[in-house]
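Undergrad: Have a look at the structure that comes next, please.
The values are calculated or read from the model by the stated rules, or taken from the named source; none is laboratory data. Just so it is clear, the model here is predicted, and its values are computed rather than measured. All Cβ positions, glycine included, derive from the backbone under ideal geometry; neighbour counts span all protein chains shown.
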Amino acid sequence: MTVDRFQLLITTFLAIASGALGAMALSSPSARGYPAGPTVSYGNNPVVASGGTLGVGGSETLFSAPADQDLIITDVVLTPDTTDYLCVAGLQFNLELGSGASVGSYSMVTKTDIDRGYTSFSQNVISSYASGIRVPAGDSLLARSVERHSYNCSGGSLGVSYAVSGHYVHP
């Protein structure tokens, strides 16, 4: 039985190609991490989010960091909210730690189009942080909505709609 060179070449090429394809199929994908450090050993999904509407003068606890994890806030999206179409107001949305330290303050204004009879919310706040806002382990993050000035607004219809997200990391 003789094997010619062509068969030997084809057999060798197929063996190498199938080995390479098998190695690629069985290899692990690249690891991806959060910029603030490892989060894998948390045991749960490390990503957190909170959203809603906070009326003027109100405060709310958005997150409480566990005793063994810091919380990094990476995104804040805010929109002034009112049901009065003639309302013009300046609003402030503050982020504070439970310990009392201020970690963020955002200002926005409602915009009224009286000729058309509606309020448009053109001044939104959209903040995305590469380094994030740190909430230390065991601390909490509170939000406060403050009215800076207003014209033609009823008290119960003014506030800030918010979405805040982040992830847990080891301190």
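Undergrad: Might you let me know whether the range 131-153 holds any residue that is under 21 Å from the mean Cα position of the chain (by Cα) and at pLDDT below 90?
TA: Yes: the range 131-153 contains one or more residues that are under 21 Å from the mean Cα position of the chain (by Cα) and at pLDDT below 90.
Undergrad: Among the numbered criteria (1) at pLDDT 80 or above; (2) surrounded by fewer than 19 Cβ atoms within 10 Å (Cβ to Cβ); (3) farther than 30 Å from residue 111 by Cα; (4) touching a His at 6+ places or on another chain (Cβ under 8 Å), which one does residue 70 miss?
TA: All conditions are met except number (2).
Undergrad: Something else about it: Please identify the pairs in which a residue from the range 115-137 that is over 15 Å from residue 87 (Cβ atoms) and of a type in the set (Gly, Ala, Ser) has its Cβ atom under 8 Å from the Cβ atom of a residue that is part of a loop (DSSP other than H, G, I, E, B) and at pLDDT 80 or above, counting only partners at least 6 apart or on another chain.
TA: That search, which allows pairs on different chains as well, returns 137/65; 137/66; 137/67; 137/68; 137/69.
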